[in-house]
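The values are calculated or read from the model by the stated rules, or taken from the named source; none is laboratory data. Remember, predicted model here, so these are calculated numbers, not experimental data. Positions of Cβ are generated from backbone atoms using ideal geometry, with glycine treated the same way; all protein chains shown enter the neighbour counts.
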Amino acid sequence: MSILEVKNLSFSYTGQTVLKNINFKITEGNYIALLGPNGSGKTTLIKILLGLLQSQKGKIILFGSALKKFNAWQNIGYLEQKANTPHNMPLTAFGVVRLGLLSTKKGLKLFNKEDNKKTDAIMKKLHCYSYKDKLFSELSGGQQQRVLLARTLINEPKFLILDEPSTALDSSSREEFFEIISALNEENKTTILLVTHDISQVGKYVNKFLILDKQIVFYGSKEDFCNSAEVTEYFGPYTQHLIDHLHTTGTCPLPHNHGHNCGHNHGGEML
Amino acid sequence: MSFAEFISYGFVQRALISGVLVSLITALLGVFLVLKRLSLLGDSLSHIALSGVAVGLLLNVTPVFCALPIVMLSSLGVFKLSKNNKIYADSALGIVSSAGIALGLIVAALAGGFNTDLMGFLFGNILTVSTSETILSIVVFLIVIACLYFFYNALIATVFDENFAKTAGVDVDKINILLVLLSAVVVVLAVKTVGIMLVSALIIIPPTSALQIAKKFKSVLIYSCAFSVFATVGGLYLSFIFNLPPSALIIVLELIILCVCGLIKYGKARKTN
Ligand SMILES: Nc1ncnc2c1ncn2[C@@H]1O[C@H](COP(=O)(O)OP(=O)(O)O)[C@@H](O)[C@H]1O
Ligand SMILES: [Mg+2]
């Protein structure tokens, strides 16, 4: 089943072209790492996909319906890179997570006991239950991020769009987080579009790469990525780091030009 | 004068009813506006109300009913200007605010200068509230309560994080338009009770006080209403005792409450550290 289709998409902020002629398709069960240097248009692309920004050109089809007509928001879980929340909002962590259920409500959007139970459950799963009654604005950056993740995952959306979700997390939380969403992909066939720079950590889980730099540099499976001429050309001397890195995580079939042996500790972080 | 005697006058009753209702509406809407960093919306719209009132005086139409459509249209203008960050919201408010004053001054000059009528609107004249204005405040109050009930969680989501709210299926534009339109109406009503110069105090101070001491959204709304009503009734009563302008006394009481809330918050913070 096709989850998302992007056709001939172009976008510019007043004068400055940020996305040029973007075409790609995401099908059910895909777990895609969206990679690209800072400023390459990843966040912009995602905001357009969700209708938060309007593109000048192109067509977006979400779950089979044109974006303008799309209304099955309960299928979408979105975590913004930098959410802009008021610093004095009188809302507890629990209250924030529960808001994730809004998209499942039609008509009067009121919460009931069942919703509270669901909220408790997801907060326990993501280990943020211990501060559920604290004000969201008084939590640390990493704690806030866990709470927002819980809000995103609470109604088990079919399509997760996560924009650098792991930035504020410490390294063990990061590992745990990637395990949680990867399990969703494996067990529930949840489709995931993940913007990340932690390629070393997600390399073993994802099954596709989308490399963006104002236009699509590469889109395809992990295997093709390791052998792709475009990738080699785009990353130049760094390619080998990247591919070596994927080897050490055991996810890339041996390419033909293997042999160049660099340290692999820094390889995955360069994007 | 005793409180019982004070409350037995007809004009005092109308003043109390519409004063209390207006302070409830501003206290409720104010919470959302303050959290959305739109607290100066009231200020800008009240300046537009000056233009509206002046047009009313010029055309000899009831000023409040003349100001109403003008202020509502301008509030939509502010919404359009600040949408998608085309202009920063605070700049949009500043622009609209100064436009309101400039046009107001011109129309007021054409209408015969600063007579006592206009002064009444600048500094409030709660004791001259008419029956139709009282009815209008009852209607608006009921609308606000209904909106709060129907859109409570959608409002919270919108105030907390608009992008999230949109991807949760909330019609954020609709919610924002509702908020600015209701603000427009209450600003016009409040111009009669506290005056153009002090409207924004009514929208900003009680919610800010409540935010100092309350931790839950519902308690913020309740505290805000309680502070606002207490200040309005108290200010009105004190104005009879001391023979001073009620609008000024209302705001002074609100400021005292704000200081007390600030002290309570400070005290709590010291205790926990
Ligand atoms: N609101 C904005 N107005 C103008 N330019 C912007 C805005 N947001 C981002 N940009 C520009 O668009 C480009 C892409 O940004 P972004 O999509 O955030 O990149 P990424 O998420 O890949 O780091 C950058 O050059 C950035 O400067
Ligand atoms: Mg980004």
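In the set A:PHE136, A:PHE178, which member is more than 16 Å from ligand 2 (Cβ to nearest atom), crowded, with 18+ Cβ neighbours inside 10 Å and closer than 26 Å to A:LYS105 by Cβ?
Numbers: A:PHE178 fails: closer than 26 Å to A:LYS105 by Cβ.
That would be A:PHE136, the only listed residue that is more than 16 Å from ligand 2 (Cβ to nearest atom), crowded, with 18+ Cβ neighbours inside 10 Å and closer than 26 Å to A:LYS105 by Cβ.
Look at B:GLY94 and say whether it is crowded, with 19+ Cβ neighbours inside 10 Å, touching a helix residue (DSSP H, G or I) at 6+ places or on another chain (Cβ under 9 Å) and of a type outside the set (D, E, K, R).
Values: crowded, with 19+ Cβ neighbours inside 10 Å: no; touching a helix residue (DSSP H, G or I) at 6+ places or on another chain (Cβ under 9 Å): yes; of a type outside the set (D, E, K, R): yes.
Against the criterion (crowded, with 19+ Cβ neighbours inside 10 Å, touching a helix residue (DSSP H, G or I) at 6+ places or on another chain (Cβ under 9 Å) and of a type outside the set (D, E, K, R)), B:GLY94 does not qualify.
Is it true that B:SER228 is closer than 12 Å to B:SER23 by Cβ, modelled with pLDDT of 95 or more and polar (S, T, N, Q)? Lay out the reasoning, then the answer.
Numbers: closer than 12 Å to B:SER23 by Cβ: yes; modelled with pLDDT of 95 or more: yes; polar (S, T, N, Q): yes.
So B:SER228 passes the test.
Please find, among A:ILE46, A:ILE61, the residue that is touching an Asp or Glu at 6+ places or on another chain (Cβ under 7 Å) and in a strand (DSSP E or B). Quick ask: steps written out before the conclusion?
Details: A:ILE46 fails: in a strand (DSSP E or B).
Going through A:ILE46, A:ILE61 in turn, just one is touching an Asp or Glu at 6+ places or on another chain (Cβ under 7 Å) and in a strand (DSSP E or B): A:ILE61.
Answer yes if at least one residue in the stretch B:44-56 is part of a helix (DSSP H, G or I), free of Cβ contacts under 8 Å to residues at least 12 places away in the same chain and farther than 21 Å from B:VAL159 by Cβ, and no otherwise. Spell out the reasoning first.
Keep residues of the stretch B:44-56 that are part of a helix (DSSP H, G or I), which gives B:44-56.
Then drop every residue that is not free of Cβ contacts under 8 Å to residues at least 12 places away in the same chain, which leaves B:56.
Remaining after also requiring farther than 21 Å from B:VAL159 by Cβ: B:56.
So far as the stretch B:44-56 goes, yes, one or more of its residues are part of a helix (DSSP H, G or I), free of Cβ contacts under 8 Å to residues at least 12 places away in the same chain and farther than 21 Å from B:VAL159 by Cβ.
Between a residue in the stretch A:135-153 that is modelled with pLDDT under 90 and any residue that is outside any helix (DSSP H, G or I), which pairs come within a Cβ distance under 7 Å, given they are 6 or more apart or on different chains?
A:GLY141/A:ALA168; A:GLY142/A:ALA168; A:GLY142/A:LEU169; A:GLY142/A:ASP170
Of the residues in the stretch A:26-51, how many are within 14 Å of chain B (Cβ to nearest Cβ) and within 9 Å of ligand 1 (Cβ to nearest atom)? Can you show your working first?
Looking only at the stretch A:26-51, we keep the residues that are within 14 Å of chain B (Cβ to nearest Cβ), and these are A:43-44, A:46-51.
Keeping just the survivors that are within 9 Å of ligand 1 (Cβ to nearest atom) gives A:43-44, A:46-47.
Residues in the stretch A:26-51 being within 14 Å of chain B (Cβ to nearest Cβ) and within 9 Å of ligand 1 (Cβ to nearest atom): 4 in total.
I'm checking my understanding of the structure. Among residues of the stretch A:15-58 that are closer than 19 Å to A:VAL231 by Cβ and hydroxyl-bearing (Ser, Thr, Tyr), which one is farthest from ligand 2 (Cβ to nearest atom)?
Among them, the one singled out is A:TYR31.
Given the options A:THR119, A:THR152, A:THR196, A:THR190, name the one that is polar (S, T, N, Q) and within 16 Å of ligand 2 (Cβ to nearest atom).
On the way: A:THR119 fails: within 16 Å of ligand 2 (Cβ to nearest atom); A:THR152 fails: within 16 Å of ligand 2 (Cβ to nearest atom); A:THR190 fails: within 16 Å of ligand 2 (Cβ to nearest atom).
None of the other options fit; the residue is A:THR196.
Restricting attention to the stretch A:179-222, which residues are at pLDDT below 90 and of a type in the set (Lys, Arg)?
Result: A:LYS204, A:LYS222.
Going through the stretch A:162-175 one residue at a time, which ones are away from ligand 2 (no atom under 16 Å from the Cβ) and not in a loop (DSSP other than H, G, I, E, B)? Break it down into steps so the answer makes sense when it comes.
Let us first name the residues in the stretch A:162-175 that are away from ligand 2 (no atom under 16 Å from the Cβ), namely A:169-175.
Passing the criteria: A:SER171, A:SER172, A:SER173, A:ARG174, A:GLU175.
Do you know which of the residues in the stretch A:85-118 that are among the polar types (S, T, N, Q) and within 8 Å of chain B (Cβ to nearest Cβ) is surrounded by the fewest Cβ atoms within 10 Å (Cβ to Cβ)? Write out each step before concluding.
Within the stretch A:85-118, the first condition is being among the polar types (S, T, N, Q), and the residues that meet it are A:85, A:88, A:92, A:103-104, A:112, A:116.
Next, from what is left, pick out any that are within 8 Å of chain B (Cβ to nearest Cβ): A:85, A:88, A:92, A:103.
Values: A:THR85: 19, A:ASN88: 14, A:THR92: 22, A:SER103: 25.
For the stretch A:85-118, the residue satisfying everything is A:ASN88.
Listed here are the residues, each with its yes/no results for (1) polar (S, T, N, Q); (2) within 16 Å of ligand 1 (Cβ to nearest atom).
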{"position": "A:GLU138", "(1), (2)": "no, no"}
{"position": "A:ASN155", "(1), (2)": "yes, no"}
{"position": "A:ILE161", "(1), (2)": "no, yes"}
{"position": "A:ASP170", "(1), (2)": "no, no"}
{"position": "A:THR190", "(1), (2)": "yes, no"}
{"position": "A:ILE199", "(1), (2)": "no, yes"}
{"position": "A:LEU210", "(1), (2)": "no, yes"}
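Just give me the residues in the stretch A:10-20 being in a strand (DSSP E or B) and either within 14 Å of chain B (Cβ to nearest Cβ) or away from ligand 1 (no atom under 16 Å from the Cβ) (or both), in sequence order. Steps first, please.
Taking the stretch A:10-20 first, the residues in a strand (DSSP E or B) are A:10-13, A:16-20.
Across the stretch A:10-20, the qualifying residues are A:PHE11, A:TYR13.
Just to check your reading of the model, which residue among A:PHE70, A:PHE11 is touching a helix residue (DSSP H, G or I) at 6+ places or on another chain (Cβ under 8 Å) and surrounded by 17 or more Cβ atoms within 10 Å (Cβ to Cβ)? Walk me through how you get there before you give the answer.
Details: A:PHE70 fails: touching a helix residue (DSSP H, G or I) at 6+ places or on another chain (Cβ under 8 Å).
After ruling out the rest, the residue left standing is A:PHE11.
Starting from residues that are surrounded by fewer than 20 Cβ atoms within 10 Å (Cβ to Cβ) and touching a residue at least 12 places away in the same chain (Cβ under 8 Å), keep the ones in the stretch A:73-84 and report whichever is nearest to the other protein chains (Cβ to nearest Cβ). Quick ask: steps written out before the conclusion?
Narrowing the stretch A:73-84 to residues surrounded by fewer than 20 Cβ atoms within 10 Å (Cβ to Cβ): A:74-75, A:81-84.
Those left that are additionally touching a residue at least 12 places away in the same chain (Cβ under 8 Å): A:74-75, A:81, A:83.
On the way: A:GLN74: 7, A:ASN75: 10, A:GLN81: 10, A:ALA83: 5 Å.
Looking at residues that are surrounded by fewer than 20 Cβ atoms within 10 Å (Cβ to Cβ) and touching a residue at least 12 places away in the same chain (Cβ under 8 Å), I get A:ALA83.
Would a scan of the stretch B:214-225 turn up a residue that is under 22 Å from B:TYR266 (Cβ atoms), in a helix (DSSP H, G or I), within 14 Å of chain A (Cβ to nearest Cβ) and in contact with a Lys or Arg (Cβ under 7 Å, 6 or more places away or on another chain)?
Scanning the stretch B:214-225, I find no residue that is under 22 Å from B:TYR266 (Cβ atoms), in a helix (DSSP H, G or I), within 14 Å of chain A (Cβ to nearest Cβ) and in contact with a Lys or Arg (Cβ under 7 Å, 6 or more places away or on another chain), so the answer is no.
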